[in-house]
Amino acid sequence: MRKIRWTLAVIAVLAVIFTACGKKEKNGTQGKARTPDEIKENGEIVIGVFSDKKPFGYVDENGTYQGYDVYFGNRMAEDLGVKVKYIPVEAASRVEYLRTGKADVILANFTATEERKEQVDFALPYMKVSLGVVSPEKSLITRESQLKGKTLIVSKGTTAETYFMKHHPEVNLLKFDQYSEAFQALKDGRGDALATDNTEVLAWAVENDGFKVGIESMGNTDVIAPAVQKGNDELLSWINEEIKTLGKENFFHENYEKTLKPVYGSAADPENLVIEGGNVQ
C-alpha cells in the first residue's frame with residue numbers, strides 16, 4: 001500500500017512539473033527568445049546595456065540611460081513601434097541574459113569574437129574596436145613588454161581579460177565585475193594600468209587628468225555588434241535589416257556626433273570607429 005501511495009505521489013509531482021514547464025514555454029517566459037511580432041504584441045523590447053560605461057551605456061544624474069548603445073536602442077524601439085526597457089548588465093553576464101531570455105537584445109559594447117559566436121548570435125556590426133591600455137602619465141605604459149610583473153586591471157568577461165590570459169601570463173591581472181570598480185581601482189593606485197576597448201580608455205583618459213592612453217591599439221581589430229539568443233533567427237534578421245536601413249541615412253555617424261564626439265573631441269576619428277550599414281571598410 002505504501003509503495004502505491006509513493007508511486008501516486010511521484011506521478012502527481014511530475015504532473016505539476018510538466019504542467020508548469022508547458023505554461024512557461026507557452027507564455028514565453030524565462031528562457032524563451034521572442035520574435036519581433038511577439039515583442040510588438042507585448043509593446044516593449046528589453047535591451048541589456050551597461051549602466052556605468054560612459055559614453056556607451058550609463059545612467060545620468062536624472063536616472064536616464066544614455067550613450068552610444070542607448071541611442072541605437074532607442075531607435076530600434078521606435079522603428080519596432082514599442083517602448084524600450086533597459087536592464088543593466090555586466091560584461092561577464094551578457095551571454096547569460098540572452099540564454100535565459102531576460103533580454104531580447106544585448107547592446108553592451110559587445111565585441112563579436114569566435115568564442116562568443118558559439119553562445120549567441122551576432123547581428124551586423126556597427127563599430128570597430130581594438131584593445132587599449134591607460135595608465136598614469138608619471139609612469140606611462142607604452143609597450144606590452146612593460147607590463148611584465150606589473151598589475152594590470154581588467155573587467156571579467158572582456159576581450160582584455162582573454163587576451164592577456166592567453167598572450168601574457170606573466171602579467172598579474174586584477175579583475176573586477178564592473179567597469180566603474182575597475183577604473184576606480186586605477187585611480188586609487190591598486191594597479192599599474194588598465195586594459196579594455198580602446199574606445200573606452202580614450203574616453204576615460206579625456207575626462208581624468210593625470211592619465212593617458214599609452215597603447216592605443218593592441219591585438220586584433222574587432223567589431224561590436226548587437227547580440228540575440230542563439231537561434232533567434234527572426235529577431236536577428238530584423239536587426240540586420242534595421243542596420244542596413246539606418247546605414248542609408250548615416251545614422252551611426254549621427255549617433256557618434258550626439259554621444260561620442262562631446263567626449264572624444266579631437267582625440268578620435270569617427271572613421272576609425274563607426275561602421276555604417278554593417279559594412280566594415
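The values are calculated or read from the model by the stated rules, or taken from the named source; none is laboratory data. Being a predicted model, the structure only gives us computed values, none of them experimental. Because the Cβ atoms are built from the backbone with ideal geometry, glycine has one as well, and the counts that use them run over all protein chains shown. All accessible areas refer to the heavy atoms of the entire protein, side chains included, with ligands and DNA or RNA removed. Shrake-Rupley method; radii C 1.70, N 1.55, O 1.52, S 1.80 Å.
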Is it the case that residue 195 is open to solvent by less than 50 Å² (accessible area, probe 1.4 Å) and out of contact with any helix residue (DSSP H, G or I) (no Cβ under 9 Å at 6 or more places or on another chain)? no
If you check residue 137 against the conditions, is it out of contact with any strand residue (DSSP E or B) (no Cβ under 9 Å at 6 or more places or on another chain) and not aliphatic (A, V, I, L, M)? no
Meets criteria (in contact with an Asp or Glu (Cβ under 6 Å, 6 or more places away or on another chain), of a type in the set (D, E, K, R) and farther than 16 Å from residue 128 by Cβ) for residue 244: no
In this structure, is residue 231 assigned to a loop (DSSP other than H, G, I, E, B) and on the phi > 0 side of the Ramachandran plot? yes
Give the residue that is most open to solvent (accessible area, probe 1.4 Å), with candidates limited to residues of segment 60-90 that are closer than 17 Å to residue 108 by Cβ and hydrophobic (A, V, I, L, M, F, W, C). 84
So which residues in segment 184-224 are hydroxyl-bearing (Ser, Thr, Tyr), closer than 23 Å to residue 72 by Cβ and assigned to a strand (DSSP E or B)? 196, 221
Condition first: open to solvent by 60 Å² or more (accessible area, probe 1.4 Å), assigned to a helix (DSSP H, G or I) and under 12 Å from residue 126 (Cα atoms). Now tell me which residues in segment 234-257 satisfy that. 244
Scope segment 100-122; condition in a loop (DSSP other than H, G, I, E, B), in contact (Cβ under 8 Å) with a residue 60 or more places away in the chain and of a type in the set (A, V, I, L, M); matching residues: 107, 108, 112
